[in-house]
Amino acid sequence: MGSCLEREINAFLWLSLITVTAFLLGKLVKVFEFWAKARAIPGPPCPSVYGHCHLISRSSLTDILYKCHEKYGGAVRLWLGPNQLLVSIKDTELINEVLTKAEDKLPLTGRAFRLAFGKSSFFVSSFDKVEHQRKSLELKLGGKLLERARLLPGEILDCIIERAQSTMGKGGIDCEMLSQHLAFTILGATIFGDVFLTWPKAILYEELLMKIAKDACFWASYGVAPFWKQEFWKYQDSCTKLKSLTQELIKECRQDSKSEFLLDFDSHDDMQCEPCGEMISLMFHGSLTMASLIANILTRLVTHLDIQDKIHSEIVMAQKTGRRPDQQNVDIMPNLMATVYESVRLLPAGPLLQRCSLRHDLKLKNGMVIPAAAIIVVPVQLVQTDCSNWGNDAGKFNPCRFLSRTDDGFITNQKELLTGGNSCVIKEPNEFGAFLPFGSGARACIGQKLSVLGISSLFAALIGHYEVRLQPGSESNPKPMMNNCVLQLLPSPQIVFAKRDNGTNEGAVSV
Ligand code: HEM
């Protein structure tokens, strides 16, 4: 009886051992397969079991990628660990193909949004889960919302100016702070309607959003939420406060029934999720990226006064010839639009676009295979300042590259007709293969049109009313740096506004 039991235990132990060994062997085979596929991609040899992680911790990833691309060409691999591979693509033809075929995002981004704001379907990793929501959001952000983006800036300017006046002293205004208020207010009013402009808790909302932006990526980088850390609970507390403020705001909007975006959300049968997480996610991503671009444009305009003057003349002309006096006619302001595109070319919101293919290997036309689950990045900051894509002045601020001239004065299209004889027309920026500030392909930004139109209209109103100058003594040669999850030009310059009065100035007045 005893030996029978012994035999059964032995058999069980053997079976368990065989199962575990088979499982581990399976894993090992997969790692070898992964290595074999990755070997065909050019890149530096792996220095240790930790790959190039030590390099990345010492210098910026963009600098490392720059050197690797110089040496190994348009597609480069870097090992981050035994089964963690990063593939960087800098060749514009390959970028196009990769961004179309690699439909998933890295799980980290989705985790950061979920941890902070709860369930949101717009920034999840898997394309299958986001595809449907992308289409319906695209529809919502088009149409009436775009019209609203054109109409808002006049009201918003007054609102921000009042706020800046009450909080600032006599010195200049901090460009970063002002851009943040502007972005936050434009987007808030576009999404939530006019209720947002008079909402007394808007300042608190903005403060909380910025507080969360400072820490979001850090806390999401933990595989398991670090519930043993006190700071983590403080972060969670801010997130909970933001959620309840958003719910309060949504309730007010529903009572007011004037937010078309929200009403549209409510009426959609297929949107069964509570809009709170979705709204905060959009506010978070949209206001941080828009703030970065507004600050970037302001900084360029105060350091390139000739371009500011050109834009002002264009605005004055558009006021005379524009078809809609109630709107900023940005369609007939090619210099302004070119300035927006050139600013976002030189300083995109993030240094890298990131993708992955969670389930399948990615087979490219040139025969290269990127194994499933590899981290794929496009170093957008490098691509957008590369001389081979943009010419020898790639690093210089030159909005003219987005303009085309018709020297013979022949009117070539409707836009030129609208400029009333101005021989400049704006080129379609997305036709430049190396223009990627809003990404491209399967997961491209859905808010591109809305933000370009909203920001251009804002600057049409701003430059129409004010001359913007650097505060004397604030000349500090700012450099691109990561701040609050986005790239910004830091240190942020101090600026002053001089009110224009029918083309003349009344002297520098800080708003
Ligand atoms: C200047 C402003 C903005 C910039 C520079 C920007 C940039 C980007 C970039 C680079 C991506 C990733 C694209 C890719 O991987 O190919 C993205 C994704 C996204 N953007 Fe924006 N964005 C801006 C404003 C907005 C606004 C205002 C909204 C909406 C209100 C918005 C909604 C989204 C959404 C929903 C995604 C995720 C798409 C997906 O994962 O499928 N963006 N944005």
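Each reported figure results from applying straightforward, stated rules to the coordinates on display, with no laboratory input. This is a predicted model, so every value here is computed, not measured. Here the Cβ is made from the backbone with ideal geometry for all residues, glycine too, and neighbour counts use every protein chain on show.
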| field | Low-density loop cleavage sites - chymotrypsin sites (Phe, Trp or Tyr not before Pro) in the stretch 1-85, where at most 15 other Cβ are within 10 Å (DSSP) | value | Tyr50
| said: Taking amide H atoms as placed 1.01 Å from N in the peptide plane, list the residues 5 or more away in sequence, or in a different chain, whose amide H sits under 5 Å from that of Leu80. | reply: His52, Leu85, Leu86
| query | What are the ³J(HN,Hα) values, in whole Hz, obtained from phi via the Karplus relation 6.51 cos²θ - 1.76 cosθ + 1.60 with θ = phi - 60°, for each residue of the stretch 180-185 in sequence order, with x given for Gly and Pro? | reply | 4, 4, 5, 4, 4, 6
| Long-range amide H contacts for Gly350: which residues qualify at under 5 Å (H placed 1.01 Å from N, peptide plane, sequence gap of 5 or more or a different chain)? | Leu487
| Estimated D of the chain in µm² per second, where Rh is the Kirkwood radius over Cα pairs and Stokes-Einstein applies at 20 °C, 1.002 mPa s | 85 µm²/s
| said: Taking 8 Å as the Cα distance limit and 6 or more residues as the minimum spacing, I'd like the relative contact order of the chain as a percentage. | reply: 21 percent
| query | When ranked by the protection proxy of mean other Cβ atoms within 10 Å per residue, highest first, what sequence do the peptides 225-234, 431-440 form? | reply | 431-440, 225-234
| query | Sorted by packing (mean other beta-carbon atoms within 10 Å per residue), highest first, where do 374-385, 306-317, 328-339 land? | reply | 328-339, 374-385, 306-317
| Where nothing but the Cβ of Lys and Arg (+1) and of Asp and Glu (-1) is charged, how large is the charge dipole of the chain around its Cα centre, in debye to the nearest 20? | 1200 debye
| remark: Karplus-derived 3J(HN,Hα) from phi for the stretch 36-47 (6.51 cos²θ - 1.76 cosθ + 1.60, θ = phi - 60°), whole Hz, x at Gly and Pro, runs 4, 5, 5, 4, 6, 8, x, x, x, x, 6, x
| message | Which residue, Val330, Ile463, Val380, has the largest displacement toward the positive end of the dipole of the chain when charges sit on each Cβ (Lys, Arg +1; Asp, Glu -1)? | response | Val380
